[in-house]
Amino acid sequence: MLFYRCPADKKAQNMTQSLHPAAQQGFSSAAELYQQARPNYPQQIVTWLQQLNLDAQSTVVDLGSGTGKFLPYLQQVTSKIIAVEPISEMLAQLKHAYPQVSTLQASSEQLPIASESIDAVICAQSFHWFATIESLNEIHQVLKPNGQLGLVWNQRDIQVDWVKALADVLEPLEGDTPRFHSGQWQQVFEQQFLFELDQIKTFPHVHFGRVDEVVSKRLLSTSFIAAMPAIQQQQLKAQFEQIVTDYTGKAPHDEIAFPYVTYAYNFKKTT
């Protein structure tokens, strides 16, 4: 068996202690919105997964799996997937959408998974939340000797003027919330001998839909915004939609293409 069990009260306590308040509050209250509004991933990510030496016989952990947005891509490579997510509301969305997938409610710093039993750990839109040496140690422990750690993020393409204008509104609201674009998550890989970077790939990606869905609702699902009072969220929603109108002429119910860049990093486990 891949799993072992730790006491439920201890596990819950550890998960609570390790979660950033923005993640705990924002994602708990906006799990359904997250599932609805977040973009999917480019199809090229499946080829990238296969290049990590993954196939139908591979066992993969989707760590920080959220509502399961990355699962359709993993399922094109293997059915042996364990989705690990600490927030119960997010995990409930995942279980509803993917009842056949094995799940664990656990922290990245205490994985109830047997040592050297996993071919790859994939963190899609999540690693910046738990970029600690404790997490790296746990990931290293559960991976097989030739195991892979894959980190994936969808990032808004701020080379586009209206996307940059939206980002300028968000930036002062972030506070100390962990973010991919801050680069702070990279610090955990400095002066450690558990993993070495193999390659970085980028893929263009576009999220199509109505402005009020793929822009304003997507931004409202951001952790630190989802944690705000409802009235403040509605004020921001109006501001986001006004920015899009000012730059593109599109109204909230008009169709728009929201541009992204998908970043994919893979690290090899060292001995």
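The values are calculated or read from the model by the stated rules, or taken from the named source; none is laboratory data. Since this is a predicted model, take the numbers as computed values, not measurements. Using ideal geometry, Cβ is built from the backbone for each residue, glycine included, and neighbour counts are taken over all protein chains shown. With ligands, DNA and RNA removed, areas are computed over all heavy atoms of the protein, side chains included. Shrake-Rupley method; radii C 1.70, N 1.55, O 1.52, S 1.80 Å.
Here's the yes/no breakdown for (1) open to solvent by 30 Å² or more (accessible area, probe 1.4 Å); (2) of a type in the set (D, E, K, R); (3) modelled with pLDDT under 95:
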residue: LEU91; (1), (2), (3): no, no, yes
residue: TYR98; (1), (2), (3): yes, no, no
residue: SER102; (1), (2), (3): yes, no, no
residue: GLU138; (1), (2), (3): yes, yes, no
residue: GLN141; (1), (2), (3): yes, no, no
Checklist entry - In the range 214-246, which residue that is of a type in the set (Gly, Ala, Ser) and within 25 Å of the chain's Cα centre (by Cα) is nearest to PRO178 (Cα to Cα)? => result SER223
Checklist outcome for this item: Taking the range 235-246 and keeping residues charged (D, E, K, R) and open to solvent by 40 Å² or more (accessible area, probe 1.4 Å) leaves LYS237, ASP246
Checklist entry - Does the range 184-192 contain at least one residue that is surrounded by 15 or more Cβ atoms within 10 Å (Cβ to Cβ), in contact with a Leu (Cβ under 8 Å, 6 or more places away or on another chain), part of a loop (DSSP other than H, G, I, E, B) and in contact (Cβ under 8 Å) with a residue 24 or more places away in the chain? => result no
Item to check | In the range 143-154, the residues that are over 17 Å from GLU190 (Cβ atoms) and surrounded by 16 or more Cβ atoms within 10 Å (Cβ to Cβ) | outcome: LEU143, GLY147, GLN148, GLY150, VAL152, TRP153, ASN154
Checklist entry - strands (runs of 3 or more DSSP E) wholly in the range 45-156 with at least 3 residues that are touching a residue at least 40 places away in the same chain (Cβ under 8 Å) - which ones? => result 59-63, 118-124, 143-156
Next on the checklist: So, GLU109, is that one open to solvent by 50 Å² or more (accessible area, probe 1.4 Å), within 28 Å of GLN184 (Cβ to Cβ) and touching a helix residue (DSSP H, G or I) at 6+ places or on another chain (Cβ under 7 Å) or not?
Outcome noted: yes
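To keep it simple, each residue is scored yes or no on (1) touching a strand residue (DSSP E or B) at 6+ places or on another chain (Cβ under 6 Å); (2) among the β-branched types (Val, Ile, Thr); (3) surrounded by 15 or more Cβ atoms within 10 Å (Cβ to Cβ).
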residue: THR202; (1), (2), (3): yes, yes, no
residue: GLU213; (1), (2), (3): no, no, yes
residue: THR222; (1), (2), (3): no, yes, yes
residue: MET228; (1), (2), (3): no, no, yes
Checklist entry - Considering the range 118-136 alone, what residues qualify as being over 21 Å from GLN51 (Cβ atoms) and open to solvent by less than 20 Å² (accessible area, probe 1.4 Å)? => result SER135, LEU136
Next on the checklist: I'd like to verify a number: residues in the range 247-266 that are open to solvent by 10 Å² or more (accessible area, probe 1.4 Å), touching a residue at least 60 places away in the same chain (Cβ under 8 Å) and more than 17 Å from the chain's Cα centre (by Cα), how many?
Outcome noted: 3
Checklist entry - Quick check, is VAL206 open to solvent by less than 30 Å² (accessible area, probe 1.4 Å) and at pLDDT 95 or above? => result no
Next on the checklist: Being closer than 23 Å to ASP62 by Cβ, open to solvent by less than 10 Å² (accessible area, probe 1.4 Å), touching a residue at least 60 places away in the same chain (Cβ under 8 Å) and not basic (Lys, Arg): is that true of LEU166 here?
Outcome noted: no
Checklist entry - When both residues are 6+ apart or on different chains and their Cβ atoms are under 7 Å apart, which pairs have a first residue that lies in the range 200-229 and is outside any helix (DSSP H, G or I), and a second that is small (Gly, Ala, Ser) and open to solvent by 30 Å² or more (accessible area, probe 1.4 Å)? => result VAL206/ALA257; PHE208/ALA257
